[in-house]
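The values are calculated or read from the model by the stated rules, or taken from the named source; none is laboratory data. Keep in mind it's a predicted model, so treat the numbers as computed, not measured. Here the Cβ positions follow ideal geometry from the backbone for every residue, glycine too, while neighbour counts run over all protein chains shown.
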Amino acid sequence: MPRDPWLCLDTEAGLTLPLAGQPGHGRTAYLRRQPARIVDGRMEGGYTGAFELICGQCGDHPYLDYSEIPAELQQIRGPYPLEADLEADLAAYANHLGLGTGG
């Protein structure tokens, strides 16, 4: 996959990233409501009742539909139901970022 300008990392500064799915990512990881579908990089059809973890450092891209990313990234992305235990979901997000739970 060609280098994507949305993911700007300074690899020349000796930055070493964790492997995909491992804790320690943070600069490009975020949670979002899962769109019903993405067509030509645009969200269409509203949203589902779930959220996703998008992590550019794992190789995911926010403008790709769930069906367009590899199975390994689908596992990281989710979806995670909104009705689930929000505290546990936020703890999983913090763990992915390498922040731990702090408690």
Quick one: which of Glu12, Glu52, Glu72 is at pLDDT 70 or above and either in a helix (DSSP H, G or I) or among the aliphatic types (A, V, I, L, M) (or both)? Glu72
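Kindly provide the set of residues from the stretch 30-68 that are within 26 Å of Glu87 (Cβ to Cβ) and of a type in the set (Ser, Thr, Tyr), ordered by number. Before the answer, list the steps.
We begin by selecting, within the stretch 30-68, every residue within 26 Å of Glu87 (Cβ to Cβ); these are 30-35, 47-58, 60, 62, 66.
Listed by number, the residues that qualify are Tyr30, Tyr47, Thr48, Tyr66.
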Name the single residue, out of those in the stretch 28-48 being outside any strand (DSSP E or B) and exposed (fewer than 14 other Cβ atoms within 10 Å of the Cβ), that is modelled with the lowest pLDDT. Gly41
What is the residue count in the stretch 49-88 for residues that are surrounded by 14 or more Cβ atoms within 10 Å (Cβ to Cβ) and over 13 Å from the mean Cα position of the chain (by Cα)? 2
